[in-house]
1. Counting pairs on different chains as well as pairs 8 or more places apart, how many Lys pairs in segment B:370-539 have Cα atoms under 24 Å apart?
2. Rounded to the nearest 0.05, what FRET efficiency do residue A:43 and residue A:156 give with R0 = 30 Å and r taken as the Cβ-Cβ distance? Could you check?
3. Multiply the residue gap between residue B:495 and residue B:541 by 0.36 nm, knock off their C-alpha separation, and tell me the result in nm, one decimal place.
4. Per-residue mean of other chain beta-carbon atoms within 10 angstrom of the beta-carbon, peptide B:121-129?
5. In whole Å, what are the extents of segment A:83-155 along the principal axes defined by its C-alpha atoms, from largest to smallest?
6. Any idea how far the Cα center of segment B:355-385 sits from the one of segment B:447-462, in Å?
7. Relative to the compact globular guide of 2.2 N^0.38 Å, what is the alpha carbon radius of gyration of segment B:1-135, as a ratio?
8. How big is the equivalent ellipsoid of segment B:370-539 along its three axes, where each semi-axis is √(5λ) from the Cα gyration tensor, reported in whole Å from largest to smallest?
Amino acid sequence: MLHTLAVLVENNPGVLIRVAGLFTRRGYNIDSLTVCQTEDTELSRMTIVVNGDDQIIEQVRNQLSKLVVVHSVSDLTGESAVDRELALIRIQVSAETRSAVLQTVDIFRGRVVDMGRTNITVELTGDIPKIDAFVHAIQPYGLLELVRTGKVAILRSEA
Amino acid sequence: MSEEKAGIKGATILLNALQQEGVDVIFGYPGGVLLPLYDALLDSPIRHVLGRHEQGIVFAADGYSRVTGKVGVCLGTSGPGATNLVTGIANAFLDSIPLVVLTGQVSTGSIGSDSFQEVDIIGITMPITKHSYLVKDPRELPRIVKEAFYIARTGRPGPVLIDLPKDVLAQENVVPFSNEMKLKGYKVFGQANNGKIEEVAKVLSESRKPVLYAGGGVVTAGAEDVLRLFADKTAVPVVTTLMGIGSLPLEHPNSLGMVGMHGTVTANYAVDDCDLLIAVGVRFDDRVTSGMGHRFATKAKVVHIDIDPVEISKVVKTEIQIVGDARQVLAEILEALPGFANPDVTDWWNQLRDWREKNTIQYDKDRLTPPMVMECLGEIAGGDTIVTTDVGQHQMWAAQYYPTVNPRNYATSSGLGVMGYGLPAAIGAQIARPKDKVVLITGDGSFQMSIQELGTIAQNKLPVKIILLNNGVLGMVRQMQKMFYNERYSQIELQGNPDFVKVAEAYGIRGISVNSADQVRGALEEAFKHPGPVLVDITISEHENVLPMVPPGKDITEMIVR
Ligand SMILES: Cc1ncc(C[n+]2csc(CCOP(=O)(O)OP(=O)(O)O)c2C)c(N)n1
Ligand SMILES: [Mg+2]
């Protein structure tokens, strides 16, 4: 099962390699990894999507917590968290397909951010299944290029 | 005149910070980038012991640490000095030994340019250090040094590396920052979980076949006295790992000896048959479990007590997990015991005694055999002697037959199993505890991996007694080839062996050679009577095997016994 881990780390050079090295060394699989600044200038936040059963995830969390540069690890999997990914997608269009493509973009609440004679570039935000579904839907028209940020996630506020 | 405080040199700040941490000795080897530091060292009260190879100095720092519980400190220059330390860092990492490893580095401006003697030692050692620092500003040295020692010795101990660029050491007029630690991300587990303590006390009182399995964590935590009390109160039998040697003396009635690949028959049967296994400060290493966690202690409820949460349920599924310091947790369990009945272990002990009687290995005391040498050595050396070993058959014979070992008196390379460890470890131990007797049990292969350190022994006049079990072969490899490769011996003969007595003598060290059983006692007595270092070269047969032995891939009850 895929788990989304939010990892607060020191904002220092060398931190990424410590975290990434741990994953390779212990044979854990990273599905995606993002690093960004946080509200605290001394800390960065990594959002790591990792595949594994409960025991593996427990090991990953413990191993991460053990790193001196890691301040906290939380599992943002499931109902209690909101997660999003941003994708930029370049799609082939022709006179015949243009309106159908634009309609699909609309349905998925995407935005056209660039337009050429034979292709358009769409920005899409959503959870991972939504982006997967969009990619699937426009595939027949010609998917030219796909860039995804990897997932970011945050805990829902307690009602 | 300005009121400004005149600053000091980077290297001096480092040495002052080390002194603040209570460092009395550094095991080191100089080189180009360390010149500013070696210069400053002349004005520092800290003692420096010059080894003969950087691998030797890191092993010496490790030996120093094992026999004192303090953090060992070693120092090597950039490039080759640093890479020569790598094996010793790995050794300390796998056995959870606290070290602060100082390495020289090229000047900050040259880092990354492949300059002379530059290696990325932080990158190279990342998987085998608990943490590491590259110092970019000498003003940060007091904080970094303090953090490094704190990290090295707390929680599950381990090696911490500080990489020191030459310009950082050489900078003059530095006014250091405060040494206040900034370790928000570092967690130490100490407090036991109370509900679980009661639970352990309860399952223990209900158990009929309990076993306590003690490892290096017991020694690290200094929990031997509590363990002994626990054993006395509950009558629970105790098995130890190689790292756990000394946690309960072999002579203690509850001791079943070592468990695992070369463990005693009784210990292995007991672990296999027990209904409750209390594992303290152990990590279910494959030298104990045969690499088959799922077939280990299958009839037992497993209680796992360890300071490192990562170890819990890593290898063996456990019922009760307690993350905490072994001493503290054992003490809390002891306190909880009076609320519960003692377990009824009468039948269990009858069974254990029966196993023990049937499986005590008999050997001929008049023949020159490894067990005979070990027992005679133990008798002559006495209980308070520090023992260090190398790696091979002799290491296992020492573990099986050397009789009395007090806590913190045993240094052996367990997790890494690195040949060449013993002699430098003995050096570190003797320097740490100059008044105590130190004996090295080594083999002819291992000894030659660190033989140059005889120079360190001679230079520092260290009265280490070197007991060389000389079988002329890489005995442990030979044994495997004999047992599992149809006696097809490949590359195990050490035909070019020197006359070790003459080698010792060349360093000004007394050498005694032993070729028959009747010479053993006299030679050992002479060695311990002599005030200086002595090498006793004991010729043994290459046909001796370490038994019992669990063959690879077999359950721990499927031992080869003869
Ligand atoms: C650095 C290193 N290289 C290789 C080995 C593999 N190895 C384990 S025991 C052994 C033989 C040791 O020979 P010796 O020191 O003579 O001890 P003996 O087994 O003969 O008592 C070897 C080669 C090792 N443990 N460490
Ligand atoms: Mg040998």
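1. Lysine pairs satisfying the spacing and distance rule in segment B:370-539 number 12.
2. That gives a FRET efficiency of 0.90.
3. 15.1 nm
4. Per residue, the number of nearby Cβ atoms from other chains is 2 on average.
5. Principal extents (largest minus smallest coordinate, Cα): 44, 18, 17 Å.
6. Taking the Cα centre of each part, segment B:355-385 and segment B:447-462 sit 28 Å apart.
7. Cα-based Rg divided by the globular estimate yields 1.08.
8. Semi-axes from the Cα gyration tensor: 24, 17, 16 Å.
The numbers here are math on the coordinates, done by the rules we state, and not lab data. Since this is a predicted model, take the numbers as computed values, not measurements. Cβ sites come from the backbone with ideal geometry, for glycine too, and all protein chains shown count toward neighbours.
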